[in-house]
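Have a look at the structure below before the remarks.
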Amino acid sequence: MKGVGRARVERVGVSVGLGSSFFSGVHALRPRHLKSMPSFLGDLLDESQTHGDALVYLESDSAADLGDAARRLLSVMPAWRQRWSIGGFRKENRAQGGKWLARNPFHFTEGFGNPDTEREVVDRAVVVPGQGEPAWAEGGSYQVIRIVRFATDLWDRDSVDEQERIIGRRREGRWLDGTPGEEQPNFAADPHGKATPLDSHVRLAAPDRRNPPPMVRRSYSYDRGDGDSGLIFSCFQRDLVQGFETVQHRLEGESLSKYVLTTGGGYFFVPPPGDGWTEAFVRP
Ligand code: HEM
């Protein structure tokens, strides 16, 4: 971080994730599950915004500080060539009931389904254990980025009620059977999906309410103009298969799929953050 002023560093959160190509030639050091992100059913990956040796992930409540930090980082690492970049935002970013929430441009509040931000719960889902991994990787996490373009025009032609049946929650988080957003719905009492359709996003993403997917999502929205807007989906997990990939496969065939197109992203490994994972998720 040479050359970056102290005041700036305090306002910009920086993390660096390493892609599998970073470890070519040093295989013994590669985190065990790290690989190149595969193309999933329905993906249309654009190589110019997919993969990379390293992911530099900057977060701040000031867009000006972010741009400044990005420029300074590139200037102090002249050997690095920027492969791609994307800017995002979190509208109505806030903490509520131990969850970090934001509203996406499709009018829904996201974050309710994340594990509680208590340290043990987050750690169990996210933190890589020492066993079976190179020693340096203990305490780190696998990060998945997906640039998901969203058909906002098509979506906005649907009624609010239809949109909520596609997601499986009310826009503000309440469940369709009336259960408050922060409590668990009783899917077993709705086996045919009368209240919450079986092909809705949340029902497929997390069907077993006692065993939520071991991952923490923290996505950003993006809008690059000309209708190219959507989600910079981001999640962290200790195991890519048990976390992201299992959920992604379950979501094949969800009713949301006709509105979404994944065009980029990648898999990265993030070394342990200095101040711990819980704190990392609870920063703005
Ligand atoms: C543009 C794409 C997507 C949109 C608009 C979207 C939107 C949402 C919304 C509104 C919720 C309910 C609130 C919440 O719990 O956060 C949700 C929940 C969830 N989503 Fe997504 N999501 C998208 C992509 C994905 C992807 C790619 C995955 C993982 C492969 C995923 C996994 C989940 C999980 C695990 C939940 C929690 C379900 C629960 O416990 O209730 N989502 N999503």
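Dimensions of the chain from C-alpha coordinates, computed as largest minus smallest value along each principal axis and given longest first, are 56, 45, 35 Å. Of the residues H51, H27, H192, ranked by 1.4 Å probe accessible area with the largest first, the sequence reads H192, H27, H51. For a test of the definition: using alpha carbon positions, the gyration tensor, and the 1.5 limit on a/c, classify the stretch 58-121 as rounded, prolate or oblate. It comes out prolate by the Cα gyration axes.
Accessible surface for the stretch 128-284, divided over its residues, is 45 Å² per residue with a 1.4 Å probe.
Value of Rg to Rh for the stretch 93-164, rounded to two decimals, is 1.13; Kirkwood radius and Rg both from alpha-carbon coordinates.
Residues whose amide H comes within less than 5 Å of that of A95, counting only those at least five positions distant or on another chain, are L101 (H built at 1.01 Å from N in the peptide plane).
Only Cα pairs under 8 Å and 6+ residues apart enter the sum, and on that basis the relative contact order of the stretch 1-160 stands at 20 percent.
For the stretch 201-213, putting each phi into the Karplus relation 6.51 cos²θ - 1.76 cosθ + 1.60 with θ = phi - 60° gives couplings of 4, 6, 5, 7, 5, 9, x, 9, 5, 7, 10, x, x Hz, in residue order, rounded to whole numbers and with x for Gly and Pro. Taking each DSSP H run with n ≥ 4 as -39500 (n - 2.57) and averaging over every residue of the chain yields -5000 deg cm²/dmol at 222 nm. Label point of L154 set 7 angstrom out along Cα-Cβ; within the stretch 79-108, amide nitrogens under 20 Å from it belong to 104-108. Values of log10 I(q)/I(0) for the stretch 5-114 across q = 0.13, 0.20, 0.22 Å⁻¹ run -0.73, -1.25, -1.26, by the Debye formula with one identical scatterer at each alpha carbon and no solvent. Residue order by solvent-accessible surface for I86, I145 is I86, I145, largest first, with ligands and nucleic acids left out and a 1.4 Å probe. Under 10 Å, Cα contacts only: if you run a Gaussian network model on the chain, which one of G67, G52, G139 comes out with the highest mean-square fluctuation? Checking each option, the largest mean-square fluctuation is seen for G67. Taking each residue as 0.36 nm, the span from A189 to E172 lengthens on full extension beyond its C-alpha to C-alpha distance by 3.9 nm.
Taking the centroid of alpha carbons for each part, the stretch 76-91 and the stretch 119-176 are 22 Å apart.
With kT/(6 pi eta Rh) evaluated at 25 °C and eta = 0.890 mPa s, and Rh the Kirkwood radius from Cα pairs, the stretch 150-284 diffuses with a coefficient of 147 µm²/s according to Stokes-Einstein. The accessible-area ordering, largest first, of the residues D123, D61 stands as D61, D123, per a 1.4 angstrom probe. Contact order, relative form, for the chain: 29 percent (alpha carbon pairs under 8 Å, 6 or more residues apart, mean separation divided by residue count). Kirkwood hydrodynamic radius computed over the stretch 149-215 comes to 12.6 Å, based on all pairs of distinct alpha carbons. For the stretch 11-51, the fraction of alpha-carbon pairs lying more than 13 Å apart is 65 percent, rounded to a whole number. With q set to 0.30 Å⁻¹, the log10 of I(q)/I(0) for the stretch 111-150, from the Debye formula over equal scatterers at the Cα positions, is -1.02. To put it simply, the accessible area of the chain at a 1.4 Å probe is 52 percent carbon and sulfur.
The values are calculated or read from the model by the stated rules, or taken from the named source; none is laboratory data. Predicted model, so just to flag it, every value in this text is computed and none were measured. Here Cβ is always computed from backbone atoms with ideal geometry, including for glycine, and neighbour counts include all displayed protein chains. Areas reflect the complete protein model, heavy atoms only, side chains present, ligands, DNA and RNA absent. Shrake-Rupley method; radii C 1.70, N 1.55, O 1.52, S 1.80 Å.
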